[in-house]
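Peer 1: The structure under discussion is supplied below as structure tokens; questions concerning it will follow.
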Amino acid sequence: IYNADSSWTPFMRDGRPGLTFGIDADADIRAEEVHFDPHGTSFRVQKELFRTPFFGKHNVSNVLGAIAVGVHLGLSLSHLAEIFANVPPVPGRLEPVCNDLGIRVLIDY
């Protein structure tokens, strides 16, 4: 499984077969329609909608890598979308703090 967005992929792949994933480059598992909002990220892979509580382009890439592993192991995109919809956020990583002030507060350490 190769990150198609990495400049190292052609060197690492060296003609070997395998699944690719990416955001910007053409890939077998490619994120499209990427949207960030205060609750996380959504994107489509081959028309299947994925929603995660994670923020940032780097996390989209991480999720795509995990999706590629799942596909390689025979899981369907719809099943993988269900799994990622229920992944809890990581404590301390852009963790929302509930408050009555109407402001968005995030912990990141």
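The values are calculated or read from the model by the stated rules, or taken from the named source; none is laboratory data. Quantities reported herein were computed from a predicted structural model and do not represent experimental measurements. As a convention, Cβ positions derive from the backbone with ideal geometry for all residues, glycine included, and neighbour counts pool all protein chains shown. Only protein heavy atoms, including side chains, enter the accessible area calculation; ligands, DNA and RNA are left aside. Shrake-Rupley method; radii C 1.70, N 1.55, O 1.52, S 1.80 Å.
Peer 1: Using only the alpha-carbon atoms, how far is helix 57-72 inclined from the longest principal axis of the chain? Give it as 0 to 90 degrees, nearest 10.
Peer 2: Relative to the chain, helix 57-72 is tipped by roughly 50 degrees.
Peer 1: Go through Phe36, Pro53, Gly15 and say which Cα lies farthest out towards the positive end of the charge dipole of the chain; charges sit on Cβ, +1 for Lys and Arg, -1 for Asp and Glu.
Peer 2: Final value for the positive-end residue is Gly15.
Peer 1: Here's another thing I want to ask about it. To the nearest 20 Debye, how big is the dipole of the chain about its Cα centre, given +1 on the beta carbon of each Lys and Arg and -1 on that of each Asp and Glu?
Peer 2: 140
Peer 1: Of the labelled options [x] -0.35, -0.42; [y] -0.39, -0.46; [z] -0.51, -0.56, which one gives log10 I(q)/I(0) by the Debye sum over Cα atoms at q = 0.11, 0.12 Å⁻¹ as computed for this structure?
Peer 2: Entry [y].
Peer 1: Quote the accessible area belonging to Glu82 in square angstrom, nearest 10, computed with a 1.4 Å probe and with ligands, DNA and RNA left uncounted.
Peer 2: Number for this one is 110 Å².
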